[in-house]
């Protein structure tokens, strides 16, 4: 099958470079395009006629191309090339060797779930409140040194102690953080771990109180009197109009992973 790889040079850490990864893809007869300044990942992917659509970039870039793959019922390939690569990790793809991950273009197909927030696709999760504010602060301060950005963003967020003022499925909920996930995460102190599966067919909603409350379902509705909430969608800052309807599409997306062994 003919393959197409979109490489986001702003996601990687120069090991390998975007051009080196694109060259390695072409050696495998995979058409490769390095995303230029101002280009839209989804629109570039939409212009491809390949049988398989691949992305080398962060989780935000991946979601844009996954939407096109879903529309066309084409397999998606995830090449870990971002800072976190949570989706690649949860697929079981090694995150340290993007060139080796190109083997997925001739790999094994799986079907996985995708989430929606007011229709917008997400592969990992959507956060509202504390973490979302952190992501928005970091986006505004991105030109600073990364360590300084992270520290300053955390300090600004931790000073903000006001609850979100939301309802979840019509019930008033006092919390500073809500996370809606596509399948269940393993919870760890101060962070979330990996997901053991991506085809459970359920959203998992986490609400931070004195402890973390977790519930699972196929649909959740989060509303707020403000009419909008800052959000982080697969780690990307956004503002979502409320009410926000979260839904899941079980086993909707075809993905290819490298063959085992």
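Each value in this text was obtained by applying a stated rule to the coordinates, not by laboratory testing. Note that the structure is a prediction, hence the values are computed from the model and not measured. With ideal geometry, Cβ positions are generated from the backbone for all residues, glycine too; neighbour counts draw on all protein chains shown.
May I ask you to derive the relative contact order of region 20-76, considering only C-alpha pairs under 8 Å and at least 6 residues apart, and to give it as an integer percent?
Numbers: 39 pairs, mean separation 15.9, N = 57.
Reported as a whole number, the value is 28 percent.
Compare the peptides 206-218, 105-117, 58-70, 22-34 by average per-residue count of other Cβ atoms within 10 angstrom and give them in order, highest first.
Order by mean packing, descending: 58-70, 105-117, 22-34, 206-218.
Subtract the Cα-Cα distance of residue 199 and residue 214 from 0.36 nm times their separation in residues, and report this length gain in nm to one decimal.
Extending this stretch completely gives an extra 3.6 nm.
Quick one: if the Förster radius is 25 Å, what FRET efficiency do residue 249 and residue 31 give, using the C-beta to C-beta distance and rounding to 0.05?
On the way: r = 28 Å, r/R0 = 1.12.
With R0 = 25 Å, the Cβ-Cβ based efficiency is 0.35.
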